[in-house]
Amino acid sequence: MTQRARVLGILKADSVNPDLQVAHGDYTDMFQAIFRAADPTLTFNIYDVLAFQYPDDIDECDGYLITGSRHSVYEPLPWIQRLGEFVVELHSARKKLVGICFGHQLVAHVLGGRTAKSDRGWGVGRHVTRLHDGNHPDWPREFALLSSHQDQVQTPPPGAEIIAQSDFCPIAGMTLGRHILTLQGHPEFTKDYARDLLGVRREVLGESLYQAGLDSLAEDVHQAEVARLILDFLVDASGAGTPNA
């Protein structure tokens, strides 16, 4: 049986709107909930990267995950620059790294790709993603996740393999070697949280997009399946210390 990762470092790049935290918790709570459901033995270290919190040694954790954020990766903010430097450090060490939404975009941005606002506007609600990663035949070929983003990866970084696509987002997931995995969708989002977030952004989104996003929540999403996929990636020992493919 594959040994499960012992410690996952969550690089917290934002907080849930305070008005929604009472009902839904923070992003770190959401990630811990989906991963503990898949592996109750997993433990977590939380690093608030907006406050420049980082591990003293990258080997404090078996792998790292960058959360989503309301910010754009190209904003000239010192904490984003520092997080980008840490991504480069993890990449150089071939340390396991997972990027979600903002994290997905940041990995592309700092490793030589390009992230920008999509000319299609906001992507919200349930999005079906097609997965085509030949290195992991046991992973699902298709899954649905909840989304909330304007930015998209426009150009992948050198050496990256595009492994996931949706009708809205052509680069919805990437791998670099066996040590970096990124996804545009949010496995941590529950439908209840997505519904409340749509409500907060209703005026910004406009009534038509708001209603379409709301209607999409009637369909299933695959939080548990994607959580297991991420954990399988994190504990795959073949990724540690190998050169980028």
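Report the percentage of all Cα-Cα pairs in the stretch 1-94 whose separation exceeds 24 Å, rounded to a whole percent.
Taking all Cα-Cα pairs of the stretch 1-94, the fraction more than 24 Å apart is 26 percent.
Report Rg/Rh for the chain, rounded to two decimals, where Rg is the Cα radius of gyration and Rh the Kirkwood radius.
0.93
Quick one: longest stretch of the chain between exposed loop trypsin sites (Lys or Arg not before Pro), exposed meaning at most 13 other C-beta atoms within 10 Å and loop per DSSP?
142-245
Testing the spin-label approximation: label points 7 Å from Cα along Cα→Cβ at Arg70 and Asp29. State their distance in nm.
Rounded to a tenth, the inter-label distance reads 1.7 nm.
So what is the 222 nm mean residue ellipticity for the chain from helices alone, if each DSSP H run of at least 4 adds -39500 (n - 2.57) and you divide by all residues, rounding to the nearest 500 deg cm²/dmol?
Helix contribution divided over all residues of the chain: -9500 deg cm²/dmol.
In debye, nearest 20: dipole of the chain around its Cα centre with unit charges on the Cβ of K, R (+) and D, E (-)?
340 debye
Counting C-alpha atoms alone, how compact is the stretch 33-75: give Rg to one decimal and Dmax as a whole number, in angstrom.
Final numbers for Rg and Dmax: 12.8, 37 Å.
Assuming R0 = 51 Å, what is the FRET efficiency of His136 and Glu203, from their Cβ-Cβ distance, to the nearest 0.05?
The formula returns an efficiency of 0.80 here.
Roughly how compact is the stretch 76-218, stated as its Cα Rg over 2.2 N^0.38 Å to two decimals?
1.07
Values quoted throughout were computed directly from the atomic coordinates according to the rules given, and no laboratory measurement underlies them. None of the values given here were measured: they were computed from a predicted structure. Counting neighbours? That spans all protein chains shown, and the Cβs are built from the backbone with ideal geometry, glycine included.
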